[in-house]
Amino acid sequence: MASQKRISKELADCTENPPQGMRISLPNDSDLHKWHVTLEGPSQSAYSGGTFGLFVTLPPDYPFKTPQITFSTRIYHPNVTNDATGSICLGLLKPEQWKPATRIRSVLEAIRSLLVEPNPDDPLEARIADEYKNDRKEFEKNAKTYVTRYAKGTPKFEAVPAAAAGGSDGVGDSSTGRRAN
Amino acid sequence: MPKDMMQKKKVAYDISFKVYTPEDIQKQQDDLINEVNMILDISKEEAAILLRHFRWNKERLIEDYMDRPRHVLDAAGLAQSSRLPRLEVIPGFVCDICCEDGDGLESFAIKCGHRYCVDCYRHYLSQKIVEEGEAARIQCPADGCSLIIDARSLDILVTSELKERYFQLLNRTYVEDKDTLKWCPAPDCQNAVECAVKKKDLEKVVPTVACACQHRFCFGCNNNDHQPAPCRLVKMWLQKCADDSETANWISANTKECPKCNSTIEKNGGCNHMTCRKCRHEFCWMCMGLWSEHGTSWYNCNRFEEKSGTEARDAQAKSRVSLERYLHYYNRYANHEQSARLDKDIYQKTEKKMVQLQRESGMSWIEVQYLNSASTALQTCRQTLMWTYAFAFYLARNNLTEIFEDNQKDLEMAVEALSEMFEKPVTELADPKLKVVIMDKTAYCNKRRVILLEDTAQNLAEGRWSFSVDLTTPGPNGGSSSRR
């Protein structure tokens, strides 16, 4: 498959020279289509001090189809569903906006900047977006509480969200957070 | 001569419209493109892109382009450069999508210069065209580049089977972009209908149009022909029926409402001492009066004169009446809907009947066409009758309603009479006397329908009906909302 070459190249690039504040690993070395990303909460954001897990699933038709990226760690954010699914609302990830020349790196960077600067005008969690707009103090307090409760230590990649699992392996790999370098 | 006059006289419920075949639609687009191509001195591909960008509003496009051509070109995704698109082999080229770099790898770029290998380009286009149904606004595959891929580039890249789909999609945007055009909603029909009726006119007219495929539909809401009822009423009525029809009958037969809070209550025990679960109101099932007034002598329920009982029964009666009123209209509406279906079954048998008739009676094909006309008349008249009941349900009584109801009654009687004759066995149908009767009845039905529709349409246009609901549509609604 043509996508194999592209994915290997992207993976090599992302592991050799990872995007700021991130580590990339493969839960299963023989499957290039599933990545685990560990993301440090940016220091200038409410998520500073937290460590978040991201699932990256590349469809067989990648890069012509959109990669699926979800949070495996609960996060209090206007553009991420406040549940175990951790779906992300990001323009780049919408099928009609996706371009095959877009790299996973730029998507990951976009997610990181979404932590620095949430987009309350296009929310997945309307209540949190409202709070972010109208009561920033309360928002930051809640976000920090979530960080303390869920985002301390090595992120767990156990709960495979229904959207990303695709019925393949429900049980997560036990070797979490293994570093590929 | 009299037939001629009938055709010339414009009936009040008729609106003008035109039916276009896919070829007509293609030609209209080509004509517009040629015109813009000549006036603005730009290529046809660019003219097409600009027209689509301006939703086929030629005047606005020309005006805007004259004012600030650069701005218009940029907004439509047409950066300026004069190179013709072609496939190229460039030494040292690496495709940014698949990361292939083989010698002799053919690559392609549109005017922005973002170059990809031809396989990736084709894959990208087929993904957009086949899976996402996009055609008019496919952008360059580069991240953040909004340049639109023009028709000439697509000519080079797109395979022939994809091209057909691509042009279908392009045609579709032409119809969908124009408010005066709509696709015929009949399955397998590819025609479009043009009609000038606007959304705000829908309080005054019921714009029924008839496609060349025989399908009659409302240009306002795409539903099947629903004259004489205006779109807004149709929407409310269908909504109401979806909510109510199944349960309303049962409720009517088995329940009463609590005299205090109007909750619907089913009696589930023998005792007449009812306590409403919701508001705890205690009352007598028989007379609906307060239980406290019954004391212990409940079984006689001899408190018929009690004031509370009479009032409660009044309220009860009112709510019953409104339900019964609805059921009255609904049953007639549903009956005509069902009968129309049954008549249609018969229509399908009609052809067989006619062949049989020709054989048995020695009549010619043309001589048995009266059965076909009768069947068509039954269909259209029942369709109209059906909606007269929805119309009547929302109609507030005034001096016009009586005329309307008379018209409705006349049409209904005529239709039922024709329907009965129509079902007679072939041997009887062959009787020349009955043939004349059927032909007369058919003509009469059609005439009664015209009279009814004339009357309703005229009064609607002049705003003389009064309805129990508001006809003005609050904001735009309907339309498909795509969810991802």
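See the values below:
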{"read-out": "Cα centroid separation, segment A:1-39 to segment A:96-122 (Å)", "value": "17 Å"}
{"read-out": "FRET efficiency estimate (nearest 0.05) - Cβ-Cβ, B:Met439 to B:Glu311, R0 45 angstrom", "value": "0.15"}
{"read-out": "Chain B: angle of helix B:432-461 to the longest principal axis, Cα-based, in degrees nearest 10", "value": "80 degrees"}
{"read-out": "Percentage relative contact order, chain B, counting C-alpha pairs under 8 Å, at least six apart", "value": "12 percent"}
{"read-out": "Convex hull per residue volume in Å³, alpha carbons only, for segment B:394-478", "value": "127 Å³"}
{"read-out": "Expected 222 nm ellipticity per residue - DSSP helices of 4 or more, -39500 (n - 2.57), all of chain A, to 500", "value": "-9500 deg cm²/dmol"}
{"read-out": "Shielding by partners, peptide A:86-95 (average Cβ within 10 angstrom, other chains)", "value": "1"}
{"read-out": "Cα-based helix-to-principal-axis angle, A:2-16 vs chain A, degrees rounded to 10", "value": "60 degrees"}
{"read-out": "Whichever lysines have a C-alpha closer than 19 Å to that of A:Lys99, once near sequence neighbours (fewer than 8 apart) are set aside", "value": "A:Lys5, A:Lys9, A:Lys65, B:Lys111, B:Lys128"}
{"read-out": "Rg to Rh, two decimals, where segment A:24-126 supplies the alpha carbon set and Rh follows Kirkwood", "value": "0.95"}
{"read-out": "Overall Cα dimensions of chain A - principal axes, largest extent first, Å", "value": "50, 35, 32"}
{"read-out": "Cα-Cα pairs of the protein assembly as shown separated by more than 47 Å (percent)", "value": "47 percent"}
{"read-out": "Most positive-pole-ward Cα, B:Thr275, B:Pro141, B:Ile33, against dipole of the protein assembly as shown from beta carbon charges", "value": "B:Thr275"}
{"read-out": "Label-point gap, in nm, between B:Trp183 and B:His273 - each point 7 angstrom along Cα→Cβ", "value": "6.6 nm"}
{"read-out": "Cα Rg, Dmax (largest Cα-Cα span) when computed across segment B:79-158, Å", "value": "12.2, 35"}
{"read-out": "Acute angle (nearest 10 degrees) that the helix B:399-422 long axis makes with the longest principal axis of chain B, alpha-carbon atoms", "value": "80 degrees"}
{"read-out": "Mean ellipticity per residue at 222 nm, deg cm²/dmol - from DSSP H runs of n ≥ 4 across chain B, formula -39500 (n - 2.57)", "value": "-17500 deg cm²/dmol"}
{"read-out": "Neighbouring partner chain Cβ atoms per residue of B:156-163, average, 10 Å criterion", "value": "0"}
{"read-out": "Extent along principal axes [Cα atoms of chain B; Å; largest to smallest]", "value": "106, 73, 44"}
{"read-out": "Relative contact order (percent, whole number), chain A, Cα cutoff 8 Å, 6+ residue spacing", "value": "25 percent"}
{"read-out": "Long-range HN-HN contacts of B:Glu106 with modeled amide H, under 5 Å", "value": "B:Val118"}
{"read-out": "Calculated P(r) tail over 15 Å for segment B:28-76, as whole % of Cα pairs", "value": "29 percent"}
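Read-outs throughout are calculated quantities, based only on the coordinates presented, and are distinct from any laboratory measurement. Every value quoted in this text rests on a predicted model; they were computed, and no experiment measured them. Quick reminder, even Gly has a Cβ in these numbers, built from the backbone with ideal geometry, and neighbours come from all protein chains shown.
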